[in-house]
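Worksheet: the structure to be examined is printed underneath.
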Amino acid sequence: MPSPFPGMDPFLEDERLWPEFHHHLVMSLYHLLLPSLADRYRARISQRQYVTEQALFTSIVREEHHEEFIETRQRSDGKLITAVEVVSPANKLTAVGRQAYLNRRREHRSQGAGLVEIDLILQGQPTLDYSRENLPDWDYAVTVTRCTQPERHEIYTSTLQKRLPRFKLPLAPDDRDTVLDLQACFLRAFDQGGYAGRVDYHREPPTQLDDDDREWLDKLLKEQKLR
């Protein structure tokens, strides 16, 4: 059964579902990226790890986080060409997770790499390093930063009620971009994780929605007999 939403499913922000979904989404991106890469490149899955702590009554609960991302490197010398990051709830809700994400972004940039940042999380503080002032509203975004113009950003956006965007993934400056369809990646990850049978759509999503989106979501799920 496919996702009931035209784009991102906000119920996947649940802390019990996200880590596995993050893995499936990165793997879907990886498998869709591979056929479009020329022989001069190789792609691999890397991982950042950190531990968050949360006070629970008289004890401290420690949680390990393992967040995957994609590196595209040049075969000849191993130079990092482009990194593809997926933002997690912990990156936007916890100080440790946010710092781990920003540190890795800084590392990518210090190597002169292009950067693709995929944010499908409504909760928490944005990890963006640019202002949204005078920009249209959005819920989800893919931010592309090219190594040749690190001060400029290409932003591909969507809302809860729309499909996720296609976006250009930059490679070496003398090579043409490749295009990835984030919606296709999402659907593949949703199907691989079997989330249609695991998400309880009778409850409210783990993130607060405005009145219009809440009304739209309730109507959508009722039409599909999921509520």
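The values are calculated or read from the model by the stated rules, or taken from the named source; none is laboratory data. Just so it is clear, the model here is predicted, and its values are computed rather than measured. Here Cβ is always computed from backbone atoms with ideal geometry, including for glycine, and neighbour counts include all displayed protein chains. Protein only, heavy atoms only, side chains kept; ligands, DNA and RNA dropped before computing areas. Shrake-Rupley method; radii C 1.70, N 1.55, O 1.52, S 1.80 Å.
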Is any residue of the range 177-207 close enough, with backbone N under 17 Å, to a label point placed 7 angstrom from the Cα of LYS222 along the Cα-Cβ axis, and if so, which? 201-205
If the chain between GLU215 and ALA95 were fully extended at 0.36 nm per residue, the gain over the current Cα-Cα distance would be 40.0 nm
On alpha-carbon atoms, Rg over Rh for the range 140-217 using Kirkwood Rh? 1.08
Counting only pairs 8 or more residues apart or on different chains, how many lysine pairs in the chain have their Cα atoms under 29 Å apart? 7
Can you classify the range 49-149 as rounded, prolate or oblate using the Cα gyration tensor, where a ≥ b ≥ c are the square roots of its eigenvalues, rounded means a/c under 1.5, and otherwise it's prolate if a/b beats b/c and oblate if not? oblate
Could you state the number of Å between the C-alpha centres of the range 1-61 and the range 134-208? 12 Å
I'd like the GluC sites (Glu not before Pro) in the range 1-104 restricted to DSSP loop residues with at most 12 other Cβ atoms within 10 Å, sorted by number. GLU15
Determine by what factor the alpha-carbon radius of gyration of the chain differs from 2.2 N^0.38 Å, reporting the quotient. 1.04
Length-normalised contact order of the chain, Cα under 8 Å, at least 6 apart, in percent, tallies to 24 percent
Per the C-alpha gyration tensor (a ≥ b ≥ c, the square roots of its eigenvalues), the range 91-195 is rounded if a/c is under 1.5, else prolate if a/b beats b/c, else oblate; here it's rounded
Taking 7 Å along the Cα-to-C-beta vector as the label spot, tell me the GLU15-GLN208 distance in nanometres, rounded to one decimal. 1.8 nm
Using a 1.4 Å probe on heavy atoms of the protein chains only, the accessible area for LYS162 in Å², nearest 10, reads 130 Å²
For the chain, give the magnitude of the charge dipole about the Cα centre (Cβ charges: +1 Lys/Arg, -1 Asp/Glu; no others), in debye to the nearest 20. 700 debye
Please report the base-10 log of the normalised intensity I(q)/I(0) for the range 1-77, using a Debye sum with one equal scatterer per alpha carbon and no solvent, at each q in 0.23 (1/Å). -1.10
In square nanometres and to one decimal, what's the mean projected area of the convex hull around the Cα atoms of the range 148-190? 4.0 nm²
Distance in nm between pseudo-label sites at LYS79 and THR148 (7 Å out along the Cβ direction from Cα): 1.3 nm
Could you tell me how many degrees, from 0 to 90 and to the nearest 10, lie between the Cα long axis of helix 95-110 and the main elongation axis, the longest principal axis, of the Cα atoms of the chain? 20 degrees
Say a site is exposed when it is one of the chymotrypsin sites (Phe, Trp or Tyr not before Pro), sits in a DSSP loop, and has at most 15 other Cβ atoms within 10 Å; what is then the longest site-free stretch of the chain? 131-227
Using a simple spin-label model with points 7 Å from Cα along the Cα→Cβ vector, what separation in nm is obtained for GLN111 and ARG42? 1.3 nm
